[in-house]
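Here's the structure, in structure tokens; my notes come after.
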Amino acid sequence: MIKANKFLIVTLILLVQIISGCSKIDDTPNYSQQNFAIYFLKDPNIKIKDITTLELVNQDSQTLAKIELQKTPWLTDRDIKMYDFSSHLLYLESSKYNFLPKPVQLDVPSSWYNKPFMVVVNGARRYVGYFRGFFEDDAWPFPVIDCSYNFNYPEDLLVISWQWFNHEDEDNRSDDNVKKALNAANILHEGLELKLKDLKFLNNSDTATIEYTITLINNDVDNLYILDPYKMGTDLFHFFNIGPQFKKDDEIFVRSASLWKPKVIPGNEWDSKWFIKLNCKDSITRTIDLWGYPHFPAGNYFCEVTYQCIKKIPESQRNLSDGRYWIGPNKSTLMGLLVY
């Protein structure tokens, strides 16, 4: 009887140790469970300005590993129907308000201002981004979920933006490992490629006028319906698209056609006649005029174009029998320009 009790005690101790060991394993975050996931930081008091001291502009694996993450992700590939890699729009399975705090006067609670997040693919940390509130002036050189900007989209769309002029070298959203992970999760869509092909001044007096040529390439598996400036007219086209922006190499600010005023203000209305169908792997080239720039002094400039289309197309109208409406934005390649 005594031997039996000793055996029972030993068995119970071993069982407790096994259960305890399992609990420790379960408490260890397994970041490789998802192809694509977004995590919040373990310490909720850390803001994006706090982690800039880690020199995360290049965001290499060693510096990213210093940041502790929460055990469970905020959002994963299971929550996403489609990720458009050209616009970095996440087409969600449900409303984004299931993931965001309830809006407070078209904004989010101040606790989400400058809140960092980490994009993790197949267990590997790829880049840091942050949330930006409606009334915030500060901007940091990281991808951003701009809460006010996201309210311009339907409820099922969430966009990760890049708000700085030059995106080719510093924009980590286009990380190739992220793209491979999205493809493995079967949610990757290549979307629309935008190239700035040519640009020249038609006038550079007190008010400058430019002519620019863009090529739009459908890299997606779907046929895409996109805004055509030839169908809608350049005035209406520039109501939805800001046109080329310039940065002089010795200036901080970005030059836009700030003096231009639209003749037509359509409000929230849009017309299917404004669009052209761009079949899969096809391209179109358009040459467009835009006035309203201030005078350009002599010097070296860089220029890029942002192409947006209509943001407010609801899910019920977005998909057609022979394609879908593409929703932006997308930025072009940079072009150098010398003004004499």
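The values are calculated or read from the model by the stated rules, or taken from the named source; none is laboratory data. Computed from a predicted structure; not experimentally measured. With ideal geometry, Cβ positions are generated from the backbone for all residues, glycine too; neighbour counts draw on all protein chains shown.
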Taking the residues in segment 315-340 that are among the aliphatic types (A, V, I, L, M) and not in a loop (DSSP other than H, G, I, E, B) as candidates, determine which candidate is nearest to residue 269 (Cα to Cα). 320
Among what's in segment 117-138 and is modelled with pLDDT under 80 and hydrophobic (A, V, I, L, M, F, W, C), pick the residue that is nearest to the chain's Cα centre (by Cα). 134
How about segment 272-298: which of its residues are surrounded by 14 or more Cβ atoms within 10 Å (Cβ to Cβ) and among the aliphatic types (A, V, I, L, M)? 276, 278, 284, 288, 290
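Quick check on my filter: what residues within segment 83-116 are in a strand (DSSP E or B) and either on the phi > 0 side of the Ramachandran plot or under 13 Å from the mean Cα position of the chain (by Cα) (or both)?
Hits for segment 83-116 are 83, 84, 89, 90, 91.
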Report whether or not residue 141 is in contact with a Phe, Trp or Tyr (Cβ under 7 Å, 6 or more places away or on another chain), in contact (Cβ under 8 Å) with a residue 40 or more places away in the chain and surrounded by fewer than 20 Cβ atoms within 10 Å (Cβ to Cβ). yes
Return the pair list, or none, for Cβ contacts closer than 8 Å from residues in segment 219-231 that are without any contact (Cβ under 8 Å) to a residue 60 or more places away in the chain to residues that are assigned to a loop (DSSP other than H, G, I, E, B), at least 6 apart or on different chains. 221/190; 221/280
Pick out the one residue from 153, 91 that is in contact (Cβ under 8 Å) with a residue 24 or more places away in the chain, under 26 Å from residue 184 (Cα atoms), in contact with a strand residue (DSSP E or B) (Cβ under 9 Å, 6 or more places away or on another chain) and surrounded by 15 or more Cβ atoms within 10 Å (Cβ to Cβ). 91
Counted residues in segment 191-224 being farther than 17 Å from residue 87 by Cβ and acidic (Asp, Glu) come to 3
Restricting the search to segment 299-329, which residues are buried (at least 16 other Cβ atoms within 10 Å of the Cβ), in contact with a Leu (Cβ under 7 Å, 6 or more places away or on another chain) and not aliphatic (A, V, I, L, M)? 301, 302, 303, 304, 307, 309, 323, 324, 326
Within the bounds of segment 131-144, is there any residue that is under 17 Å from residue 86 (Cα atoms) and assigned by TED's automatic domain parsing to the domain that holds residue 99? yes
Report, by residue number, each residue of segment 182-217 that is hydroxyl-bearing (Ser, Thr, Tyr) and modelled with pLDDT of 95 or more. 209, 212, 213, 215
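Yes/no per residue for (1) of a type in the set (D, E, K, R); (2) over 23 Å from residue 305 (Cβ atoms); (3) under 19 Å from the mean Cα position of the chain (by Cα):
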site	(1), (2), (3)
146	yes, no, yes
171	yes, no, yes
183	no, yes, yes
186	no, yes, yes
190	yes, no, yes
220	yes, no, yes
225	no, no, no
228	yes, no, no
When residue 313 is evaluated against the numbered criteria (1) at pLDDT 95 or above; (2) under 14 Å from residue 225 (Cα atoms), which criterion, by number, is the only one it fails? (1)
Pull out all pairs, ordered by first then second residue, where Cβ-Cβ is under 8 Å, the residues are six or more apart or on different chains, the first lies in segment 287-302 and is without any contact (Cβ under 8 Å) to a residue 60 or more places away in the chain, and the second is small (Gly, Ala, Ser). 300/336; 301/336
Hey, does segment 294-314 have a residue that's among the aliphatic types (A, V, I, L, M), part of a strand (DSSP E or B) and closer than 18 Å to residue 223 by Cα? no
